[in-house]
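The values are calculated or read from the model by the stated rules, or taken from the named source; none is laboratory data. A quick note: this is a predicted structure, and the numbers were derived from the prediction, not measured. Because the Cβ atoms are built from the backbone with ideal geometry, glycine has one as well, and the counts that use them run over all protein chains shown. Quick note on the areas: whole protein, heavy atoms, side chains included, nothing else; ligands and nucleic acids left out. Shrake-Rupley method; radii C 1.70, N 1.55, O 1.52, S 1.80 Å.
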Amino acid sequence: MTTTTDTSAPKKSGGLADIKKVFGRSQSTARQFGILGSLIVIIVLFEILTGGLTLSPTNLINVVQQYSYILILAIGMVMVIIMGHIDLSVGSVAAFVGIVVAKSMADWNLPWPLAIVLGLVVGALIGAWQGFWVAYVGVPAFIVTLAGMLIFRGANQVVGQSTTTPVPQDFGKIGAGYLPEIPGLGLPFNFLTMVLGLLGVVWIVFNEIRLRRRQHKTGSDSAPVWVSIVKVVIISAIVLAAAYLFATGRVGTSFPISGIILVVLVIIYTFITNNTTFGRRIYAVGGNRLAATLSGVKDRRVDFFVMMNMSVLAALAGMIFIARSTASGPQDGNGWELDAIAAVFIGGAAVSGGIGTVIGSIIGGLVMAFLNNGLQLLGVGADYVSIIKGLVLLLAVGVDVLSKASGRPSILGIWSSRRRARSAEGPTEPPTVLPTAGTNETSQPADVTRS
């Protein structure tokens, strides 16, 4: 005898249920937006405590320039952690590439565009070296990158002879430059920065329209039109307000070039992890390596390219840092790996792998950035700042672990729910899109038909 659960009944709509969808479809609760809520609370709190300094144009520009390289590292680190690995070498790799690039321009008279290419190639070679040991020799990534941290920290000091090497002014634009002013307009704000904000609004509208079309095509539940309109208006207003703040800084400043590089990388890697075969394989291997391998995924190849990608991004972060600092020094990169790892875990990645998103990691990094910046504006010493940051990391991960252990929804892991939510709209999440030979994956949706 077969009993079938009827799922064709229409879902209730209207009232509070629809209002919740403004912030994340019908599955939205305050708990699901813990990280974003924490970021908003931190910004508002320090805006009050600092008398309006936190959201001043000058401070926002400084935050982007000071932490863009950490956020770039977080983009690569989240992919590494999703795979179930860890990379402790990113700070040393960034420092080594930084000194090589600085020396190439100072001693070899290499033009700065070619120096950037050289830095990316060196980063790729380092990543291939570490990826080989992880993927094809089988040495745990923790050990490989711990060795890399020691090797490339020493190599940085050998190449640079433990001294500081300056970089050309033109090269510095990638780390300390801004969107230029258009002469003759006479506007009280930077025109290109506002154009960038308007492009962000266009993308938000387009993304919402595409979401609704996909929901309609798959026959899944969608929010009323007014909900989508309210959501788009709220997010667009935030984007335009932020763009205006960046555009109205002191004369000669606007949205930083390093911020543009970061935004481009976020868009690219969000697309890769969400919409490509390679991205689905990262989640598949990280969630269940055996099942993914039996499904035909070449897990060693995925390991190799994820580790290599991390070192390429570390190389880019190192170059942006020395560009802003105008020089490469022996102490560059110290502790960067810890900041990147903290950003990823605060942003929702699971320690065991298989869970995490690029956007979540960026928000986690911004939490640490504004926390650090706000404490500095209040004059808190570096020793107490370190203690507070450590406690925030421990509390964030601890609360998430306790939530999972008690059977409640994961607060930090909610940023991976976007992928799971797609199972209600059509395609399933990455681990389930691959055919499994004779295995049952735990991430498959429950069958509503029982015998």
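Checked against the criterion of being charged (D, E, K, R), open to solvent by 20 Å² or more (accessible area, probe 1.4 Å) and over 29 Å from ASN59 (Cβ atoms), the range 284-292 contains one or more residues that satisfy it. State all residues of the range 181-197 that are at pLDDT 90 or above and not aromatic (Phe, Trp, Tyr); if no residue qualifies, say none. Passing the criteria: ASN190, LEU192, THR193, MET194, VAL195, LEU196, GLY197.
Which residue out of ALA323, ALA317, ALA350 is open to solvent by less than 10 Å² (accessible area, probe 1.4 Å), aliphatic (A, V, I, L, M) and not in a helix (DSSP H, G or I)? Unique residue meeting the criteria: ALA350. Taking first residues from the range 330-342 that are under 15 Å from GLY76 (Cβ atoms) and partners that are part of a loop (DSSP other than H, G, I, E, B) and not small (Gly, Ala, Ser), the Cβ contacts under 6 Å between residues at least 6 apart in sequence or on separate chains come to GLU337/LEU88.
Taking the numbered list (1) part of a helix (DSSP H, G or I); (2) open to solvent by less than 40 Å² (accessible area, probe 1.4 Å); (3) at pLDDT 90 or above in turn, ILE261 passes all entries but (2).
Comparison of PHE189, PHE206 shows that the only residue that is surrounded by 12 or more Cβ atoms within 10 Å (Cβ to Cβ), under 30 Å from PRO57 (Cα atoms) and of a type in the set (Phe, Trp, Tyr) is PHE189. If you go through the range 239-251 and keep only what is farther than 12 Å from PRO188 by Cα and open to solvent by 50 Å² or more (accessible area, probe 1.4 Å), you end up with LEU240, ALA241.
If you go through the range 113-166 and keep only what is in contact with a His (Cβ under 9 Å, 6 or more places away or on another chain) and surrounded by fewer than 15 Cβ atoms within 10 Å (Cβ to Cβ), you end up with PRO140, PHE142.
Which is more than 17 Å from PHE246 (Cα to Cα) and modelled with pLDDT of 95 or more, of GLY160, GLY127, GLY138, GLY172? Of GLY160, GLY127, GLY138, GLY172, the one residue that is more than 17 Å from PHE246 (Cα to Cα) and modelled with pLDDT of 95 or more is GLY127. Looking across the range 268-316, the residues that are among the aliphatic types (A, V, I, L, M) and closer than 20 Å to LEU125 by Cα come down to VAL302, VAL306, MET307, MET308, MET310, VAL312, LEU313, ALA314, ALA315, LEU316.
Rundown of residues vs (1) open to solvent by 40 Å² or more (accessible area, probe 1.4 Å); (2) modelled with pLDDT under 85; (3) touching a Gly at 6+ places or on another chain (Cβ under 9 Å); (4) outside any helix (DSSP H, G or I), yes/no style:
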{"residue": "VAL41", "(1), (2), (3), (4)": "yes, no, no, no"}
{"residue": "VAL44", "(1), (2), (3), (4)": "yes, no, no, no"}
{"residue": "GLU47", "(1), (2), (3), (4)": "yes, no, yes, no"}
{"residue": "THR54", "(1), (2), (3), (4)": "no, no, yes, yes"}
{"residue": "ASN59", "(1), (2), (3), (4)": "no, no, no, no"}
